[in-house]
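Shown next, in structure tokens, is the structure this report addresses.
Bear in mind these aren't lab numbers, they're just calculated from the coordinates by the rules spelled out. Just so we're clear, the structure is a prediction, and the values are computed from it rather than from any experiment. Heads up, the Cβs are rebuilt from the backbone with ideal geometry, glycines too, and the neighbour counts pull from every protein chain shown.
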Ligand code: ADP
């Protein structure tokens, strides 16, 4: 209604302008709807652990003369408190990557250091599932996911030569999230690999960092939605592993604000490869990062 009224008033100015205005209003409404959804989702996600904590604390008070029950309830309180802490931390991370200009304190960041950090961060979780993690940084380029096949013509690059331009903390969070997911959505005794390579391109080279797992995979339909905030293919499984549904939204935002992108390749039941494509340090300065409207 509103959009049509505006378009009728400005119609004499030409149809192109009208179209722009209508598109603008539609976009503004879409952003408003996304914001409302987000607030509703956050409230719901916060209510779950807070509600559980409140019930459990009552149970502890009621069971004051039964030490075993007190210990049991306290253990469950600890789990809920941990869940609440990681949700709040992810919300802070998300808001930080959305509001801070990542390129304000950008620097060349070594990809082998990012990979080692991501592996370190997931070592405990991977260990309990006997998942092996390995990084191959500077492997020769080839077709398909980074490091999938060797191209005889391409010389091997030294690991320290592979550097991306950006905010170290944000890049570490992005790669850490991808590796954490690879571990969380894989059965035990599988392998998680990080492979990075330099991809020459007109206007400046890119660095591709691919995280490959042999996990449950993602269906075609879900691939389109997993980067949305709070979207999870299997909410119960995600919660069981301490997931918040915000990780990939953070990764996508970091990639875009650095002038890059994140893509996924997956076969259900066989595994997934998430690839971060980021401007190489040196090449990036010449190029303005792509701006995304943030609701
Ligand atoms: P979560 O905190 O639930 O892991 P993410 O935003 O990181 O949230 O991921 C969203 C959803 O995408 C996950 O709940 C899961 O269903 C799916 N997903 C992410 N990474 C993988 C992966 N490597 N393999 C299979 N599914 C994945």
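Some notes on this structure:
- The length gained on full extension between residue 268 and residue 20, counted as 0.36 nm times the residue separation minus their Cα-Cα distance, comes to 85.2 nm.
- The peptide list 18-30, 101-113, 246-258, put in order of mean Cβ contacts within 10 Å with the highest first, becomes 246-258, 101-113, 18-30.
- FRET efficiency for the residue 117 to residue 261 pair, using the beta carbon distance and R₀ = 30 Å, is estimated at 0.90.
- Using 0.36 nm per residue and subtracting the Cα-Cα separation, the extra length available between residue 100 and residue 124 on full extension is 5.6 nm.
- Viscosity 0.890 mPa s, temperature 25 °C, Stokes-Einstein D of the range 23-112 from Kirkwood C-alpha radius, µm²/s: 146 µm²/s
- Largest first and in whole Å, the equivalent-ellipsoid semi-axes of the range 199-282 read 26, 15, 10, each the square root of five times a Cα gyration tensor eigenvalue.
- Burial ordering of 229, 16, 239, fewest other beta-carbon atoms within 10 Å first: 16, 239, 229
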